[in-house]
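Written below as structure tokens is the structure these notes are about.
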2 protein chains.
Amino acid sequence: MKVQIIGVGLIGGSFALDIKSAFSEAEIYGCDANSEHLTKAKALGFIDHQAELENVQQVDVVILAVPVDVAPGVLEKVLDLVNENTLVFDAGSTKEGICKTVTNHPGRRNYLAAHPIAGTEFSGPEAAISNLYRNKTNIICEVEKTAFKLQERALEIFQRLGMRIRYMDPKSHDKHIAYVSHLSHISSFMLGKTVLEKEKNERDIFDLAGSGFASTVRLAKSSPEMWTPIFQQNKENVLETLNEYIANLNRFKDLIEDDDFQGVYREMQRTNHIKSILNGID
Amino acid sequence: MKVQIIGVGLIGGSFALDIKSAFSEAEIYGCDANSEHLTKAKALGFIDHQAELENVQQVDVVILAVPVDVAPGVLEKVLDLVNENTLVFDAGSTKEGICKTVTNHPGRRNYLAAHPIAGTEFSGPEAAISNLYRNKTNIICEVEKTAFKLQERALEIFQRLGMRIRYMDPKSHDKHIAYVSHLSHISSFMLGKTVLEKEKNERDIFDLAGSGFASTVRLAKSSPEMWTPIFQQNKENVLETLNEYIANLNRFKDLIEDDDFQGVYREMQRTNHIKSILNGID
């Protein structure tokens, strides 16, 4: 099985690592707009060959792992090039835009729209790790638009990598994911910003911060290159979640201001049952 | 060394566990307003004896680990009872109020105001764990008001438990800790609330949420019993941090609304260097 990874960073590189260990005969081609990343990926050993985009004509599987602003354009080019037996899937955090872009493309049946809910706050080829996708959810959109035999090949890969599959339409995907992923990145970035602005002497933060703070601002380490286009593409949903989040914070602030600490207690108690929901994902 | 733990939950229980292993001769007395917790602490084995508050007259060290709204009153009672050779320290997340309460107490020199920056999102005796305090910061306030030989005993305990010491006045403590601890609890609780309100079908949250979301809402599992009085006691500082946090969120929202994605990028990039500051605490 010949696999071409477009974008050899955290997401693409981690796919390469797991596919190499799950499919002994896999041969991995990598291409990247950043030639240093490509050299690094080859040196790290998770790609076997440095390639050009055009090489997708020679492979069985293409994995698109580039920022969501360039992904639709690259996907169109790839679909122009590949033959009918090549599976192409992406891993982007927004799905409505990319699905719309290729909806009338003659190669639409080569493409499977995917979003593995997996990642870390790090980026680039050095961030690639084994088993990133194990026990993670992979959301597949518009599955009916992908050729049956290519669906089958994709599911075989996802299964061997240990992923759980969920099917969803692109619009619902973008709405739900704004709540459970995009909003928490903004809350984390702004928490980091608020504390950094206040605490000019950075040693003080380090000394006083505990694991709770570290956990809450962990996502503020994420890559702006990756996240800016996500917020741009999912603008309406992200704004909706932000409005609700800010309204909830304002209500909580009002309760404190009004010395309504029974109300403060109730707010926290009602949210506490998130315990039972989160069991198993952290 | 006889030690009495007042409040045998996560904080008190974890002290008991570590003191038992660091001081082979230590004998641990426990008391608690909740008799079930006391029975459980005895059954779990981290206290040797169930005791009444009055037993503090017989011990060398008293550790006060109760919610911050009841701590000042209990501390006054304890200082009324103990003899001059007994060290009393607390572990509360606010320091200005409790220090003020006992400032003129004849037993003030028995008391050391402490705040170990350690904990988990769990509570109660079953939440007690070994090594909770290892490599954690312990903030000591108004150290000059504690008898020298009792400071020495406290530092010996903190050192054997592996804690780093920082000295600070109570006012600065409450201000800094509002940023690096109290605010992140509110941001987490309100994030949890926003998502729970939206996603009525809870399975959907579980299925789509990744480790990033779990990390960001982890603190929303915390105990409302513990946190309500903290927000009450630190009201002014907490409101200040909340105002700044909400203002930052509104600015970020405006940038998205105005399609200023260069601005969005810059906001995240500037906060990114929190990476280097956080290294080592998560």
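The values are calculated or read from the model by the stated rules, or taken from the named source; none is laboratory data. Source: prediction; values computed, not measured. When we count neighbours, we look across all protein chains shown, and the Cβ atoms used for this are built from the backbone with ideal geometry, even at glycine. The area values use the complete protein model at the heavy-atom level, side chains included, leaving out ligands, DNA and RNA. Shrake-Rupley method; radii C 1.70, N 1.55, O 1.52, S 1.80 Å.
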**Asked** assigned by TED's automatic domain parsing to the domain that holds B:E36, farther than 23 Å from B:V78 by Cβ and modelled with pLDDT of 95 or more, is that true of B:A114?
**Response** no
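Determine whether the stretch A:135-149 contains at least one residue that is part of a loop (DSSP other than H, G, I, E, B) and under 30 Å from B:T271 (Cα atoms). Before you say what the answer is, go through the steps one by one.
Taking the stretch A:135-149 as the starting set, the residues that turn out to be part of a loop (DSSP other than H, G, I, E, B) are A:135-136, A:142, A:146-147.
Adding the requirement that they be under 30 Å from B:T271 (Cα atoms) leaves A:136.
Checked the stretch A:135-149: at least one residue is part of a loop (DSSP other than H, G, I, E, B) and under 30 Å from B:T271 (Cα atoms).
Could you check, for the stretch A:19-38, whether at least one of its residues is touching a residue at least 12 places away in the same chain (Cβ under 8 Å), over 29 Å from A:K171 (Cβ atoms), touching a Cys at 6+ places or on another chain (Cβ under 9 Å) and surrounded by fewer than 24 Cβ atoms within 10 Å (Cβ to Cβ)?
To start, the set of residues in the stretch A:19-38 that are touching a residue at least 12 places away in the same chain (Cβ under 8 Å) comprises A:19-23, A:25-33, A:37-38.
Now restrict to residues that are over 29 Å from A:K171 (Cβ atoms): A:19-23, A:25-33, A:37-38.
Imposing the further condition that a residue be touching a Cys at 6+ places or on another chain (Cβ under 9 Å) reduces the set to A:38.
If we keep only those that are surrounded by fewer than 24 Cβ atoms within 10 Å (Cβ to Cβ) as well, we get A:38.
Checked the stretch A:19-38: at least one residue is touching a residue at least 12 places away in the same chain (Cβ under 8 Å), over 29 Å from A:K171 (Cβ atoms), touching a Cys at 6+ places or on another chain (Cβ under 9 Å) and surrounded by fewer than 24 Cβ atoms within 10 Å (Cβ to Cβ).
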**Request:** Within the stretch A:247-261, identify whether any single residue is in contact (Cβ under 8 Å) with a residue 12 or more places away in the chain and among the aromatic types (F, W, Y), and answer yes or no.
**Result:** yes
**Output for the stretch A:93-152, where each listed residue is surrounded by fewer than 20 Cβ atoms within 10 Å (Cβ to Cβ), within 12 Å of chain B (Cβ to nearest Cβ) and among the aromatic types (F, W, Y)** = A:F122
**Asked** Cβ-Cβ below 8 Å, separation at least six or inter-chain, first residue in the stretch A:107-133 and closer than 30 Å to A:N83 by Cβ and assigned to a helix (DSSP H, G or I), second small (G, A, S) and open to solvent by less than 10 Å² (accessible area, probe 1.4 Å): which pairs?
**Response** A:P125/A:G13; A:P125/A:A41
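Of the residues that sit in the stretch B:155-180 and are in contact with a Cys (Cβ under 8 Å, 6 or more places away or on another chain) and part of a helix (DSSP H, G or I), which one is farthest from the other protein chains (Cβ to nearest Cβ)?
Pass one, the stretch B:155-180, residues in contact with a Cys (Cβ under 8 Å, 6 or more places away or on another chain): B:167-170, B:173.
Retained after the next criterion (residues that are part of a helix (DSSP H, G or I)): B:170, B:173.
Details: B:P170: 14, B:H173: 8 Å.
Here the residue is B:P170.
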**Asked** Which of the residues that make up the stretch B:42-76 are assigned to a loop (DSSP other than H, G, I, E, B), under 11 Å from B:K2 (Cα atoms), open to solvent by 20 Å² or more (accessible area, probe 1.4 Å) and touching a residue at least 40 places away in the same chain (Cβ under 8 Å)?
**Response** B:D60
**Item:** Yes/no for B:L183 being of a type in the set (A, V, I, L, M, F, W, C), in a helix (DSSP H, G or I) and free of Cβ contacts under 8 Å to residues at least 40 places away in the same chain
**Value:** no
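On the given criteria, is A:D207 outside any helix (DSSP H, G or I) and more than 22 Å from the chain's Cα centre (by Cα)? Walk me through it before giving the result.
Working: outside any helix (DSSP H, G or I): no; more than 22 Å from the chain's Cα centre (by Cα): yes.
When the stated conditions are applied, A:D207 does not pass them.
Polar (S, T, N, Q), outside the structural domain of B:Y111 (by TED's automatic domain parsing) and more than 20 Å from B:G97 (Cβ to Cβ), is that true of B:N234? First the steps, then the outcome.
Details: polar (S, T, N, Q): yes; outside the structural domain of B:Y111 (by TED's automatic domain parsing): yes; more than 20 Å from B:G97 (Cβ to Cβ): no.
No.
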**Request:** Could you check A:R166 against (1) over 20 Å from the mean Cα position of the chain (by Cα); (2) open to solvent by 10 Å² or more (accessible area, probe 1.4 Å); (3) under 24 Å from A:I11 (Cβ atoms) and say which number it fails?
**Result:** (1)
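Could you identify the single residue in B:N201, B:N237 that is within 30 Å of A:L132 (Cα to Cα), more than 7 Å from chain A (Cβ to nearest Cβ) and either basic (K, R) or open to solvent by 10 Å² or more (accessible area, probe 1.4 Å) (or both)? Talk me through it step by step, then tell me what you get.
Details: B:N237 fails: within 30 Å of A:L132 (Cα to Cα).
From the options B:N201, B:N237, the qualifying one is B:N201.
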**Fill in**
Among (1) charged (D, E, K, R); (2) more than 27 Å from A:G97 (Cβ to Cβ); (3) assigned to a helix (DSSP H, G or I), A:D259 falls short only on (3)
**Message:** Considering only the stretch A:222-234, I want to know if a residue exists there that is assigned to a helix (DSSP H, G or I), farther than 13 Å from A:S93 by Cβ, open to solvent by 10 Å² or more (accessible area, probe 1.4 Å) and within 7 Å of chain B (Cβ to nearest Cβ).
**Reply:** no
**Item:** the stretch A:6-41: number of residues that are in contact with a helix residue (DSSP H, G or I) (Cβ under 7 Å, 6 or more places away or on another chain) and assigned to a strand (DSSP E or B)
**Value:** 5
